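The values are calculated or read from the model by the stated rules, or taken from the named source; none is laboratory data. These figures come from a predicted structure and were not determined experimentally. Backbone-built Cβ (ideal geometry, glycine too); neighbour counts: all protein chains shown. In case anyone asks, the SASA skips ligands and DNA or RNA and just uses the protein heavy atoms, side chains included. Shrake-Rupley method; radii C 1.70, N 1.55, O 1.52, S 1.80 Å.
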Amino acid sequence: MKRIVFLGPPGAGKGTQAAGVARELGIPHLSTGDILRAAVASGSPLGQEADGYMRAGKLVPDELIFKIVGERLARPDTRSGFLFDGFPRNLAQAETLERLTPIDRVISFEVEPEELVRRLSERRTCPKCQATYHLTFQPPKAAGKCDRDGTALLQRPDDRPEAVAERLRVYAKQTAPLLDFYRQRKLLAPVNGSGTPEAVAKRIRDALR
Ligand code: AMP
């Protein structure tokens, strides 16, 4: 059970949970969002092309995503398994993934829309290691600084209200149909994503058994 996909709306807790689950299972955490943000920060051609779409809360074109995912899956550390977080995000991506590799399970995160907005609006991210915090529920030990490396925390440009609204619309229209896609393939395991990170982690462990 080590070829895993995390599916769910922005703010559902995929990234937070993916880091812990990947560590426990000894598999790489593959976040297309993290890879794209690193590309934007480095100013590479990929980053320059992706930046505008990301700021607006829209999906980056599939060809760019396929290139990233193809290259990442070709690396030897994915032989023991992988955890995709934020990929696939539309039907074309899910069909492409199906051609690239079998999948053992898709964990779908279920969280109320109001809760998603509450989580995203107070989220802060470390631009260096991508660790995320929540100003109220999971604040850093020293205000405004990453616990791991002391870097000044930032609000992601796409966690601002206008972009959040667009990301939720994009999720409903383009990504939510994947729930049926994976349900039909008997791969879908819905998990209640509300509550503490520890409570959600336990539900995910159970769902992966
Ligand atoms: P995330 O960190 O997963 O919320 O992704 C942040 C942003 O990166 C998204 O809003 C998209 O603009 C872009 N992105 C990440 N993954 C994908 C993907 N699989 N397909 C298209 N765009 C993506």
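The residues listed here are Thr16, Thr78; of these, the one that is without any contact (Cβ under 8 Å) to a residue 60 or more places away in the chain and among the hydroxyl-bearing types (Ser, Thr, Tyr) is Thr78.
Filter the stretch 168-187 down to the residues that are open to solvent by less than 70 Å² (accessible area, probe 1.4 Å) and within 16 Å of Gln93 (Cβ to Cβ) and list them by number.
From the stretch 168-187, those open to solvent by less than 70 Å² (accessible area, probe 1.4 Å) are 168, 170-172, 175-179, 181-182, 187; that's our starting set.
Val170, Tyr171, Thr175, Ala176, Pro177, Leu178, Leu179, Phe181, Tyr182, Leu187, listed by residue number.
Check Thr96, Thr132 and return the single one that is under 22 Å from Asn192 (Cβ atoms) and within 12 Å of the ligand (Cβ to nearest atom). Just one listed residue meets the conditions, Thr132. Taken together, the criteria place Asp85 among residues that are of a type outside the set (Gly, Ala, Ser) and either crowded, with 21+ Cβ neighbours inside 10 Å or under 15 Å from Ala22 (Cβ atoms) (or both).
Selection within the stretch 39-81: residues that are more than 10 Å from the ligand (Cβ to nearest atom) and at positive phi. The member of this set that is nearest to the chain's Cα centre (by Cα) is Gly81. The set of residues in the stretch 132-171 being without any contact (Cβ under 8 Å) to a residue 40 or more places away in the chain and of a type in the set (Gly, Ala, Ser) consists of Ala142, Ala143, Gly144, Gly150, Ala152.
Kindly indicate the residue of the stretch 21-36 that is more than 27 Å from Ala165 (Cα to Cα) and either open to solvent by 30 Å² or more (accessible area, probe 1.4 Å) or among the basic types (Lys, Arg) (or both) and also farthest from the ligand (Cβ to nearest atom) among those meeting that condition. Looking at the filtered set, the residue picked out is Gly26. Of all residues in the stretch 88-104, those being over 29 Å from Arg160 (Cβ atoms) and open to solvent by 60 Å² or more (accessible area, probe 1.4 Å) number 5.
Could you tell me whether any residue of the stretch 157-170 is within 27 Å of Ile103 (Cα to Cα), under 17 Å from the mean Cα position of the chain (by Cα) and not basic (Lys, Arg)? Yes, the stretch 157-170 has at least one match.
Buried (at least 16 other Cβ atoms within 10 Å of the Cβ) and under 30 Å from Glu198 (Cβ atoms), is that true of Ala39?
On the way: buried (at least 16 other Cβ atoms within 10 Å of the Cβ): yes; under 30 Å from Glu198 (Cβ atoms): no.
When the stated conditions are applied, Ala39 does not pass them.
There is at least one residue in the stretch 111-121 that is surrounded by 12 or more Cβ atoms within 10 Å (Cβ to Cβ), hydrophobic (A, V, I, L, M, F, W, C) and touching a helix residue (DSSP H, G or I) at 6+ places or on another chain (Cβ under 6 Å). The C-beta contact set for the stretch 25-49 (first residue assigned to a loop (DSSP other than H, G, I, E, B), second residue open to solvent by 50 Å² or more (accessible area, probe 1.4 Å) and within 13 Å of the ligand (Cβ to nearest atom), distance under 9 angstrom, 6+ apart or interchain) comprises Ser44/Ala38.
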